[in-house]
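One structure is given here, and the rest of the page talks about it.
Derivation of every value follows stated rules applied to the coordinates shown; laboratory data play no part. None of these values were measured; they are calculated from a predicted model. Note that we place each Cβ from the backbone using ideal geometry, even for glycine, and neighbour counts take in every protein chain shown.
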Amino acid sequence: MLSRCLNVVLLAGVFLPIALLPVRATSLNLGAEYRIRGNTISNPDFDTSTNDRRGFYSHRMRLYLNSQVAPSVELGTKLQAIGVVGSTTSTVTDRLVNPAGSRYPNTEFTPWIEHAYLAFRTPFNWPMSLTVGRQPIKVGDGLLLSDDDLGLTGIRAQAWLPLSWDVGMEAFTF
């Protein structure tokens, strides 16, 4: 019961200050997505003497709020919750079935902050961008670095040549 109350306080603490921004914001995007997926895994341990099969439904919910606070300032937040439908345990505990389950902050369908960032896009019409906070990032199409839908907390700066060349640079610290 206490954790549910803390979740409500967390949600209110994140969205209430942002909800006051639309008075001055030039744009506001508020949305939600819900995904449910059926998973079936046959013989996850590759042992031919057993005929074990695992099946379950996983679901994920995301709530997001993005606001263009000023012409070159963007504020973004996204909450995410994942879990197993109808499960009384945290998730499927078999490491062969769910090898990535331990990387998430919570798998009991309790929301956590995926993104909460402030981005300065082309300030003073300079060919650069600065993003601060918990943000999505992929380098090399996710092959070199990927936040894996968890977000990484840090600072990222991007700059590019003002000409029509497709040349730029990026520096970040997380």
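Rounded to the nearest 0.05, what FRET efficiency do ARG121 and ILE36 have when you use their Cβ-Cβ distance and R0 = 41 Å?
Working: r = 35 Å, r/R0 = 0.85.
Here the calculated transfer efficiency is 0.75.
So for each of 146-159, 104-117 I average, over its residues, the number of other beta carbons within 10 Å; can you give me the resulting order with the highest mean first?
Numbers: 146-159: 15.9, 104-117: 17.7.
Listed from highest to lowest mean packing, they are 104-117, 146-159.
For GLY154, list long-range residues whose amide hydrogen, built 1.01 Å from N in the peptide plane, is under 5 Å from its own amide hydrogen.
GLY133, ARG134, GLN135
If amide H atoms are built 1.01 Å from N in the plane of the peptide, which residues on other chains or at least 5 residues away come under 5 Å of the amide H of GLY83?
Sorted by chain and number, the residues that satisfy this are HIS59, PHE109.
What FRET efficiency would be calculated for the residue pair PHE109, SER49, taking the C-beta separation as r and a Förster radius of 35 Å, to the nearest 0.05?
Working: r = 36 Å, r/R0 = 1.02.
After rounding to 0.05, the efficiency reads 0.45.
Tell me which residues come under 5 Å, amide H to amide H, from ASN43 once H is placed; ignore anything under 5 positions away on its chain.
Residues meeting the criterion, in which the H sits 1.01 Å from N, are ASP52, ARG53, ARG54.
Explain nothing, just compute: Karplus ³J(HN,Hα) = 6.51 cos²θ - 1.76 cosθ + 1.60, θ = phi - 60°, for every residue of the stretch 69-80 in order, whole Hz, x for Gly and Pro.
5, 9, x, 10, 10, 10, 10, x, 9, 8, 9, 9
Each residue of the stretch 161-174 in order: what ³J(HN,Hα) in whole Hz does its phi give by Karplus 6.51 cos²θ - 1.76 cosθ + 1.60, θ = phi - 60°, with x for Gly and Pro?
6, x, 7, 7, 6, 9, 10, x, 9, 9, 10, 8, 9, 10
Starting from the Cα-Cα distance between ASN29 and PHE172, subtract it from 0.36 nm times their residue separation and give me the gain in nm to one decimal. Write out the running numbers ahead of the final one.
Values: separation 143, 0.36 × 143 = 51.48 nm, distance 2.64 nm.
Contour length minus Cα-Cα distance gives 48.8 nm.
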